1. Arrange C:Lys271, A:Lys185 by Cβ neighbour counts within 10 Å, fewest through most, would you?
2. Per residue of the range C:99-113, in order, report the coupling 6.51 cos²θ - 1.76 cosθ + 1.60 (Karplus, θ = phi - 60°) as ³J(HN,Hα) in whole Hz, putting x for Gly and Pro.
3. Express the relative contact order of the range C:1-96 as a whole percentage, based on alpha carbon pairs under 8 Å and six or more residues apart in sequence.
4. Taking the highest mean first, how do the peptides C:255-265, C:109-119, C:72-82, A:187-197 order by number of other beta carbon atoms within 10 angstrom per residue?
5. Indicate the gyration tensor shape class of the protein assembly as shown (rounded, prolate or oblate), computed on the Cα atoms with a ≥ b ≥ c the square roots of the eigenvalues: a/c under 1.5 is rounded; otherwise a/b larger than b/c is prolate and the rest oblate.
6. Could you work out the relative contact order of chain A, using alpha carbon pairs under 8 angstrom and six or more residues apart, expressed as a whole percent?
7. For a bin width of 10 Å, list the pair-distance distribution of chain A built from all Cα-Cα distances, rounded to whole %.
8. In deg cm²/dmol and to the nearest 500, what is the mean residue ellipticity at 222 nm of chain A if only DSSP H runs of at least 4 residues count, each as -39500 (n - 2.57), divided by the residue total?
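Values in this text are rule-based calculations from the coordinates and carry no lab data. Source: prediction; values computed, not measured. Note that each Cβ is placed from the backbone with ideal geometry, even for glycine, and that neighbours are counted across all protein chains shown.
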There are 4 protein chains.
Amino acid sequence: MSYNLLKGKKGIVFGALDSNSIAWKTAQRCYAEGAQLVLTNAPVALRMGEINKLAEECGNAPVIGADVTSNEDLTNLINQSREHLGGNLDFVLHSVGMSLNVRKNKAYTDLNYDFQHKSFDISAMSLHRLCQCLYQADAMNEWGSIVALTYIAAQRVFPDYNEMADAKALLESVARSFGYHYGVKKHVRINTISQSPTRTTAGSGVKGFDGFINYAEKMSPLGNASADDCAAYTVSLFSDLTRMVTMQNLFHDGGFSFTGVTAEVIAQMEK
Amino acid sequence: MSYNLLKGKKGIVFGALDSNSIAWKTAQRCYAEGAQLVLTNAPVALRMGEINKLAEECGNAPVIGADVTSNEDLTNLINQSREHLGGNLDFVLHSVGMSLNVRKNKAYTDLNYDFQHKSFDISAMSLHRLCQCLYQADAMNEWGSIVALTYIAAQRVFPDYNEMADAKALLESVARSFGYHYGVKKHVRINTISQSPTRTTAGSGVKGFDGFINYAEKMSPLGNASADDCAAYTVSLFSDLTRMVTMQNLFHDGGFSFTGVTAEVIAQMEK
Amino acid sequence: MSYNLLKGKKGIVFGALDSNSIAWKTAQRCYAEGAQLVLTNAPVALRMGEINKLAEECGNAPVIGADVTSNEDLTNLINQSREHLGGNLDFVLHSVGMSLNVRKNKAYTDLNYDFQHKSFDISAMSLHRLCQCLYQADAMNEWGSIVALTYIAAQRVFPDYNEMADAKALLESVARSFGYHYGVKKHVRINTISQSPTRTTAGSGVKGFDGFINYAEKMSPLGNASADDCAAYTVSLFSDLTRMVTMQNLFHDGGFSFTGVTAEVIAQMEK
Amino acid sequence: MSYNLLKGKKGIVFGALDSNSIAWKTAQRCYAEGAQLVLTNAPVALRMGEINKLAEECGNAPVIGADVTSNEDLTNLINQSREHLGGNLDFVLHSVGMSLNVRKNKAYTDLNYDFQHKSFDISAMSLHRLCQCLYQADAMNEWGSIVALTYIAAQRVFPDYNEMADAKALLESVARSFGYHYGVKKHVRINTISQSPTRTTAGSGVKGFDGFINYAEKMSPLGNASADDCAAYTVSLFSDLTRMVTMQNLFHDGGFSFTGVTAEVIAQMEK
């Protein structure tokens, strides 16, 4: 199905690892809605090669590797994208996150601060770098839209989420702060989508993920939002229907965020 | 412009007083997006007759008067709408509000409680009544969408907004509470849009409105959102792009809600 | 234990039904901290007679009945209190709430609106009435403190809490709105305390209360806050230590409000 | 004035630069309330020598230098403090912040990321390091209290606050996350106080500070909270009156945080 919502729009999608990725689904949906795309991911992720299938599906979109902690890589990505797309950008999806302390099984009360710095650099400061590179290169069109994916652990503690909670809080703050400056300068809007826990390849690695996704499902009046749902919602934020929405953290979670408890969870507690 | 986002969808729009109304613009935009509509307003407002122009524009949509404080009127509206539209509803816009204490120039520290009760009944409890009538008549389709318009005075004090701040806080709470129940039962989602101050016929009557709308403009990185912008955003919330968004209060305000101060306001403070 | 935190201060405590009441514990603690008190409750509650024991303990504090939905009763209470206490008031505790629809077993999707109006009048608008009567009688001292008790259902849905969620959202909005006006006029501060579910005589009546309080206990890193804890916290808000805190909703809940899930709850979900 | 609120309690106060510092006032007030103290600051700040006056006033409290970005320094500080105080700690004040990009006049849209990393390390991650060192050394008593100072720029954009907004958002997230773990383990509570802009030696250096503090004063129903007010409020959070308050960000700002606009600001806008 397509509404041509993004007809004539050009954008970059970060983070399409494989067909479970939210970014993968979003790229497909953006293309279906008429957008022209550039795909990017970390060089190490590109080596897996899956993204080339997606690129084909999306009108032979170029795949350009970029380390999100490198200004040079981001600048190169932006320059090549403009060249390929024949102009400035209308939208960017930031779907990037990685926790070294989680990978290394370090508890939140026993963090390695070098790991933490890298986790933040990749997961949160990367949004600032990206925005700063776009801003300084004047690479976004007026009323462009930047979306980053986040999680409600930025507001409330989910213990296994570990340092990524702090990374997401930082990411959301960057979205607000840069949203102000880019809004004033060029009407570019920046928002974060706070998505239900999603069974992606990245998410599945987290300890206790199954118990947790099951809890979220029972705590959400509409159930958990899927990667496909998230792709559709992201398209709405890239479209002209939402031009005055900026600096917001938007919960896309079937109502989880404003549910204190459900009858289903109480029933489980009484077992 | 149209994307056919609401093709095949049926809905009711409350509160289109005249061509400045957000509800007016929303009805036009819904119709353009392929929806079938019923229009409604208070009987006294209908007597002005303007709404008939809108009805014509919208494919000769029926205009059915309803007092939002009357279960009978709301039930009648729902029944007639289903008959006319040939089925259940996919969306409803609640754009209803009126403050008797403001009209009568009563200060917030000198409220008349009978007036207040009426203000709340019209402006906030009407959303509950509407949802309850829809729920009991099982009149919404699965994954239907209900949107009510609100204002940030529900979160922060704007002194001239008076008792309407409390009415809006109540309205937003009703949206959350009923959103839970309707979500669990039938995947119907309920959200509020917290809109920039808008120069409608209703809004313009408020004391100090000009100073205030000017302040909001200077405090919003993208400027104030217009009634047309709001219509477009509402369409996105009625569409299938946002099916997992529920129980949310969504700021549609050019960034006002997350701006502490702007350079422009500081400059003005230093005069 | 006493710190003399309220030495020389005068106040009114609403809602001490019996020795399980938060208001009862608060009155005891205020008296222990050196305050002079007046006690009040609804005439029907006074007839139970328990409050007289509390009055004795609190230096033979006068007990003055007042229907919180009556301006006359509130004005009479204020006048008698000033006379008895020999001056204006420094603090007031509003601990008042009652849901007719809950009592009558009406579901949230099947509310009786006359009941609802009464529930709101007693549980939420009573704070406005009280503040308005105090304001118009100029009965508070400079830097006085008004506290009302609320619950997190004002922010997130707990289905069995029913219409009281909306009443609490309204109550919190009134605290903010009146807090602005009373702050500007006389530096009087108004805050709400959002307390853990507490096994009071009133609370225990609510359907599913046991399952619920157990869930809250498991979801709070420090466990649920007790009535005694709440009394101590309220004293801090009546004291001069917190003079610049106003218009806030303060969670007093062992961390429940910012906990997304605990290890204990996840373990229970996996059973 | 003293209530003996902290009699028998032992704590560390970070960040008392000179007599304008909030930490300075807090140390004085804690001592007056009966606490035993250790004072600390960065070695470079200690070289100014002013802190020795404060140490004398506070019963010859030891002054122990510590670089908050060094685990070794923090561990040494904790060990020496326990030795000097003869036992574990009941409270800690974290009043630490520094922005290299602000100092170097780098705009938010032109940040140097090495500077930023250092700013975050000093201003935000230092709270994590401190908590982690305390936790691993098991250096806090049951029901101890840790408070960090923050600013509302963590929620809303104040453009001149620059990268410190992101640092404060990160700091608040750390307080929540560590508050969960320390609460579950040992009932230690961790909160942040979001203080009015305060004319300290550190604060005064920020560009546009005068216009800004003036704006905050006009936007706060009670005016800006002073450093003395903040010291008193912090004492309440170290005391046993607030044992069930944790993982909260507490606005101490004369009502600024929940005020949308004041009559005074509107009047200024109309000039």
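1. C:Lys271, A:Lys185
2. So the Karplus estimates, Gly and Pro as x, are 10, 5, 5, 5, 3, 8, 6, 8, 5, 5, 8, 9, 6, 8, 6 Hz.
3. Rounded, it is 35 percent for the range C:1-96.
4. Highest mean packing first, the order is A:187-197, C:255-265, C:72-82, C:109-119.
5. oblate
6. Value for chain A: 19 percent.
7. Histogram of Cα-Cα distances, whole percents per bin: 7, 30, 37, 20, 5, 1, 0.
8. -12500 deg cm²/dmol
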